[in-house]
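Following: one structure in structure tokens, then a few remarks.
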Amino acid sequence: MHLQVLSSGSQGNCTLVRAGNTNLLVDAGLTIRELGNRFEKAGFLPRGLHHILVTHGHLDHARSSGILGKRHAHLTVHCCERLMGNRALLRAKRLQKLNVGAQMEIGVPGRDAELSYTAVKIPHDADPTVAFVLEHAGRRAVILTDMGRPAKRETAPLHDPHLLVLEFNHDESMLREGGDPPKLKQRILGNGGHLSNDQASEVLRDLAGPNLHTLVLAHLSQRNNTPELAIAAAHGTLSELGLGHVEVLVALQDEIGPNLEV
Ligand SMILES: [Zn+2]
Ligand SMILES: [Zn+2]
């Protein structure tokens, strides 16, 4: 299984996963035009997509999932029931309800399933918001962004992936001292907002296990964080855990990331 982050941050999120013959996106939160640019850079043809898994209804995640699902009739868009009437999703020809907590087997339509996903509910102010575990050929990838606060019990099913994409949204003091409106600061800091580097480190402590080989830091705020601060927090935590060998990468807003083997 391969995973490639095509965009990450509050302006749009999209991750391409290729497992066997099955191709899927987790979120399609860019404009359709920008998504086309990212696909081209990744050397991927969008007609080869079979599934889109939508984490939640915020536009930076859901934006183009409906239109992709309209353009490509064989493509199934999976989202929570409450999102099925959402304008960004409505247009998809095949919409399937996400069963939170259940392991779902998917693949190329008409052929045997070859990968599974599990949606795990996490705290964030677009209710419901889910994280995904993707499993193929004994390998496990977890995508966890837009999380309001660390939640050990809720995230237990996400434990010990081979590759982890984890939100490192902001540095708390940069956010507190920065120029964002007070209401926005409150939202980001609150239980339904986003993880600070310290909170993300706490989640990393809960999720990291012996299998972890790659950690991708995601959904970084462009105003209230820097890649250096996020990387320092992640490295510190990994060393504490005896996992100093884990490769740490930062997912960017404006550029696609490398195609990573899970
Ligand atoms: Zn987001
Ligand atoms: Zn969100």
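The values are calculated or read from the model by the stated rules, or taken from the named source; none is laboratory data. Keep in mind that this is a model prediction, so the values were computed, not measured. Positions of Cβ are backbone-derived with ideal geometry, glycine not excepted, and every protein chain shown enters the neighbour counts.
For the range 215-232, give me each residue that is of a type in the set (S, T, N, Q) and touching a strand residue (DSSP E or B) at 6+ places or on another chain (Cβ under 6 Å).
Ser221, Asn224, Asn225
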Quick check on the range 213-234. Is at least one of its residues more than 14 Å from His170 (Cβ to Cβ) and assigned to a loop (DSSP other than H, G, I, E, B)?
yes
In the range 78-99, the residues that are touching a Lys or Arg at 6+ places or on another chain (Cβ under 9 Å), within 16 Å of ligand 2 (Cβ to nearest atom) and assigned to a loop (DSSP other than H, G, I, E, B)
Cys80, Ala88
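Test of understanding: among Ile106, Ile188, which residue is hydrophobic (A, V, I, L, M, F, W, C), within 16 Å of ligand 2 (Cβ to nearest atom) and under 30 Å from Ile67 (Cβ atoms)?
Ile188
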Return the pair list, or none, for Cβ contacts closer than 6 Å from residues in the range 35-56 that are assigned to a helix (DSSP H, G or I) and surrounded by 18 or more Cβ atoms within 10 Å (Cβ to Cβ) to residues that are among the polar types (S, T, N, Q) and modelled with pLDDT under 95, at least 6 apart or on different chains.
none
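Please find, among Arg63, Arg33, the residue that is within 16 Å of the chain's Cα centre (by Cα) and either more than 16 Å from ligand 1 (Cβ to nearest atom) or within 30 Å of Asn225 (Cα to Cα) (or both). Reasoning before the result, please.
Numbers: Arg33 fails: within 16 Å of the chain's Cα centre (by Cα).
Answer to the selection: Arg63.
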For Ser10: the one exception among (1) polar (S, T, N, Q); (2) part of a strand (DSSP E or B); (3) in contact with a helix residue (DSSP H, G or I) (Cβ under 9 Å, 6 or more places away or on another chain):
(2)
Search result, residues across the range 109-128 that are touching a residue at least 40 places away in the same chain (Cβ under 8 Å), surrounded by fewer than 23 Cβ atoms within 10 Å (Cβ to Cβ) and within 15 Å of ligand 2 (Cβ to nearest atom)
Pro123, Asp125, Ala126, Asp127, Pro128
Taking the range 60-77 as the search range and keeping residues that are free of Cβ contacts under 8 Å to residues at least 40 places away in the same chain and either under 17 Å from Asp254 (Cα atoms) or not in a helix (DSSP H, G or I) (or both), which one is nearest to ligand 2 (Cβ to nearest atom)?
Ser64
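Could you grab me the full set of residues in the range 151-161 that are assigned to a loop (DSSP other than H, G, I, E, B) and surrounded by 19 or more Cβ atoms within 10 Å (Cβ to Cβ)?
Narrowing the range 151-161 to residues assigned to a loop (DSSP other than H, G, I, E, B): 151-155, 159-161.
Thr155, Pro161, listed by residue number.
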Just checking, how many residues over the range 128-150 are more than 14 Å from ligand 1 (Cβ to nearest atom) and either assigned to a loop (DSSP other than H, G, I, E, B) or at pLDDT below 95 (or both)?
5
